[in-house]
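See structure below.
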């Protein structure tokens, strides 16, 4: 047994701190990185105006391909959308993993708990009622997601925030938010409703480098916080009583993790609209 553990795990020591890492992590990460780069190149290649994968690679490396249109198609239209899709997937996946850990429910995700519904409700209200420019939608979605999270936590609180109550309250409030969103779409001004409907459909169409920079900045902060809180999340998965016995401040850690998850979902919704299923299935694929 000792030999098997030694062959699988590797221990790193930095000063007085030691880290235990599975030896398979690095090869798997390199494999996934290679697959990701290949998918990116193929995604940029295909479309109404096709470019060979070799020309895409040359364009990305700033090597002249003999066709000036390649720069326009790759850097202006396709690459920003692909990067936004990648970042949105990362945000939703991490958000879903955190929520599944907090609630100890493998079927939890930002959509099921009503976080994205709250973000969509405020965003649609901003578009239909107040004619808010699209540039302000990230703030509106974040406010909506935060208010929904606070409402869920407040209504689920009964001497603590039990995971089952969080799920039940989240599903109920999510249904209410969805109903109110549909009500605004029915009675709103037609042009504003059309704009809101396109946004609600969930798409990276029209994404540009401003969207890439915005979501990349948010993810740099939020994913770092998520990694730093990973140990606390694993402890919460053991159950509240065991976590308290290990000295973890359960409610504080749960609020912090929920805030990170809400922020990740809000950033995703603000850029690409409501996209479901990713936050549910991606954590299971990763495991």
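Laboratory data are not the source of any read-out in this text; all were calculated from the coordinates shown. For clarity, every value in this text was computed on a predicted model and none was experimentally measured. We place every Cβ from the backbone using ideal geometry, glycine too, and count neighbours over all the protein chains shown.
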Open item on the list: Taking 51 Å as R0, compute the FRET efficiency from the Cβ-Cβ separation of residue 234 and residue 60 and round it to 0.05.
Closed with: 0.85
Task: Alpha-carbon spread of segment 71-227, three principal axes, descending order, Å - done: 57, 42, 22
Open item on the list: Under a crude label model (7 Å from the Cα following the beta-carbon direction), how far is residue 220 from residue 241 in nanometres?
Closed with: 4.6 nm
- [ ] Any chance you could check the Cα centroid distance between segment 70-90 and segment 24-58 for me, in angstrom?
- [x] 12 Å
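With N residues in the chain, what two-decimal value do you get for its Cα radius of gyration over 2.2 N^0.38 Å?
1.14
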- [ ] Return the single residue from 147, 33, 228 with maximal mean-square fluctuation; model: Gaussian network over the chain, springs between Cα atoms under 10 Å.
- [x] 33
Task: Pairwise centroid distance, computed over Cα atoms, of segment 235-287 with segment 187-214, Å - done: 26 Å
Open item on the list: Along the Cα→Cβ direction, 7 angstrom out, place labels at residue 285 and residue 255. What is the inter-label distance in nm?
Closed with: 3.5 nm
Open item on the list: Between residue 68 and residue 32, what's the calculated FRET efficiency when r is the beta-carbon distance and R0 is 41 Å? Round to 0.05.
Closed with: 0.75
Task: the chain: most fluctuating residue of 88, 212, 176 per GNM, C-alpha cutoff 10 Å - done: 176
Open item on the list: Classify segment 76-159 from the C-alpha gyration tensor, please: rounded if a/c falls under 1.5, else prolate or oblate depending on whether a/b exceeds b/c.
Closed with: oblate
